[in-house]
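The values are calculated or read from the model by the stated rules, or taken from the named source; none is laboratory data. Since this is a predicted model, take the numbers as computed values, not measurements. Every residue, glycine among them, receives a Cβ derived from its backbone with ideal geometry; neighbour counts consider all protein chains shown. Each accessible area value is taken on the protein alone, full model and side chains, heavy atoms only, with ligands, DNA and RNA left out. Shrake-Rupley method; radii C 1.70, N 1.55, O 1.52, S 1.80 Å.
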Amino acid sequence: MKKSFTIFLLCLSAINLFGQSWHTYTVSNTNGKLPDNNVECLAVDASGNIWMGTYFSGLVKFDGTNWTNYNTSNSPLKDKTIVDVAVDNLGNVWVANYANGVFRFNPTTNTWTHYTKESGALTDNYTYAIGIGIYGYIYVGLRVTSYTSSGLLRWDGLSWVPGPVFKDDYNSYSCESIAVDKNNNVWCGTQIGLYKLDGNNWTFYTKENTNGGLGGNYIRTIAGDALGNTWVGTTEYANFQTRGGGLSRFNGSTWTLYNSTSHPVDDFISAIAFRNNDVWLGTGFCGQFGNRKGIYVFNGTTFTSYQSQTTFPGDCVNDMVVDKNGTVWIGSAFGLSKYGNIVSVWNSNEELPDKFLLNQNYPNPFNPATTISYQLPEESFVTLKVFDILGREIATLVNEHKPAGMYNVTFNAHHPGRSREITSGVYIYTLSANGFVLSKKMLLAK
């Protein structure tokens with residue numbers, strides 16, 4: 001749900017010319033164009049605009065250059081606190097506006113539609129989460145006020161339809177987090193467990209009935225990956241204190257728990273996003289509780305921590321999204337951060353590259369990851385592929401149009417899900433662009 005990336009002029013931030021880079025936008029370094037450092041939730045539209053809900057200043061759009069703020073002064077929003085934001089397949093921006101129901105905003109026509117309990121659309125005005133289904137349905141999680149009211153509503157394009165009531169024998173709780181998986185199952189997180197709606201029926205998962213596979217019963221965040229796995233961040237309340245429940249993965253039949261007891265990862269998972277084959281994890285529930293250890297990246301085998309001031313500049317995460325160019329956008333109490341593995345940087349006084357060039361990867365030999373850099377003197381359709389010594393394709397790293405510039409790509413030999421095991425040996429990476437074909441060798445040494 002996002003996008004952007006061309007040639008950045010060297011200006012505000014510390015940018016790494018030949019590697020991956022971090023940058024954080026704040027009220028200070030944008031001269032107030034980002035009106036609030038408390039970025040609560042994120043979404044990205046098809047044009048690459050980043051939409052963010054803030055805690056004190058309403059809804060903000062960032063197109064990579066320009067900032068637009070929608071608040072109670074210049075829009076129909078009733079409160080400056082935005083609880084959740086999502087973009088549907090028609091480009092409408094859906095906003096959960098604290099205790100004031102849901103807004104649908106059409107940026108093309110600058111039209112706002114307000115759905116409330118009073119208008120007969122919602123069963124309650126306290127809304128907590130918004131999810132987009134694969135068929136264009138909009139799902140809203142909202143407060144449950146009785147055992148007979150639904151915690152989930154579905155907008156089918158014409159009307160609001162209540163979902164089946166979910167509850168256990170003694171309690172009924174609100175749907176505070178939502179995800180829709182690739183099979184169109186709707187997942188709802190509550191304070192007492194995780195519900196899955198397959199269209200008509202709920203399945204209820206808890207720490208107890210998953211034999212600890214679900215790390216805790218207070219569900220804080222849910223996300224479904226391209227392979228059909230459902231990832232869940234949980235917490236648990238025990239002995240009069242809150243503790244993290246870790247990261248749980250469900251593949252449709254088996255639960256796997258990753259927590260600090262068995263893995264080098266924090267237990268307070270606040271946000272989940274997917275970048276290529278890596279799972280990005282935010283920790284620390286800004287303004288609430290948690291160990292507040294920043295960001296972890298899980299490649300299926302190894303957890304890598306980003307929590308120092310030289311990488312991710314904060315210690316807690318509210319939300320994360322990844323755009324189609326692989327840029328990770330992070331909302332926290334410290335502003336809007338981004339991380340990209342392909343960087344194109346020029347000073348406005350410098351010239352663009354004058355030839356096609358493919359550089360030697362670094363490090364070489366490598367294990368498990370290495371960086372490949374290349375440059376384009378003109379806009380080109382680019383493919384960058386890795387082959388084994390017999391000419392069999394191992395991976396496609398780039399396959400798209402690129403503007404002129406210098407780029408870096410990371411190749412990781414340990415990505416899970418590859419059809420062929422990558423063993424030690426010589427590999428060839430080949431760049432094709434506008435009729436030019438360039439190749440170099442690299443050595444994987446395990």
Taking first residues from segment 58-73 that are small (Gly, Ala, Ser) and modelled with pLDDT of 95 or more and second residues anywhere that are surrounded by 18 or more Cβ atoms within 10 Å (Cβ to Cβ) and assigned to a strand (DSSP E or B), the pairs with Cβ under 6 Å that are 6 or more apart or on different chains are Gly58/Tyr70
Segment 191-306: strands (runs of 3 or more DSSP E) wholly inside it with 3 or more residues that are within 21 Å of Val180 (Cβ to Cβ) and of a type in the set (Gly, Ala, Ser) are 269-275
*So Tyr258, is it open to solvent by less than 60 Å² (accessible area, probe 1.4 Å) and over 14 Å from Val317 (Cβ atoms)*: yes
Output for Cβ contacts, cut-off 6 Å, separation at least six or different chains, first residue within 20 Å of Gly326 (Cβ to Cβ) in segment 387-402, second assigned to a strand (DSSP E or B) and open to solvent by 70 Å² or more (accessible area, probe 1.4 Å), reads His401/Phe381
Residues that are at pLDDT below 95 and either touching a Cys at 6+ places or on another chain (Cβ under 9 Å) or of a type in the set (Ser, Thr, Tyr) (or both): does segment 274-281 have at least one? no
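Here's the yes/no breakdown for (1) farther than 29 Å from Leu227 by Cβ; (2) more than 32 Å from the chain's Cα centre (by Cα); (3) at pLDDT 90 or above:
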| site | (1), (2), (3) |
| --- | --- |
| Tyr362 | yes, no, no |
| Pro368 | no, no, no |
| Leu390 | no, yes, no |
| His401 | no, no, no |
| Val409 | no, no, no |
| Arg418 | no, no, no |
| Glu421 | no, no, no |
| Ser424 | no, yes, yes |
Taking segment 34-52 and keeping only residues that are surrounded by 15 or more Cβ atoms within 10 Å (Cβ to Cβ), out of contact with any Gly (no Cβ under 7 Å at 6 or more places or on another chain) and either free of Cβ contacts under 8 Å to residues at least 60 places away in the same chain or more than 23 Å from Ala223 (Cα to Cα) (or both), one is left with Pro35, Asp36, Asn49, Trp51
Check your understanding: Would segment 94-113 turn up any residue that is in contact (Cβ under 8 Å) with a residue 60 or more places away in the chain, touching a Ser or Thr at 6+ places or on another chain (Cβ under 8 Å) and either open to solvent by less than 50 Å² (accessible area, probe 1.4 Å) or among the aliphatic types (A, V, I, L, M) (or both)?
Key -> no
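Please specify each residue of segment 221-248 satisfying the condition of being hydrophobic (A, V, I, L, M, F, W, C) and at pLDDT 95 or above. It would help to see each step written out before you state the result.
Quick first cut of segment 221-248, residues hydrophobic (A, V, I, L, M, F, W, C) only: 222-223, 226-227, 231-232, 238, 240, 247.
The answer is Ile222, Ala223, Trp231, Val232, Leu247.
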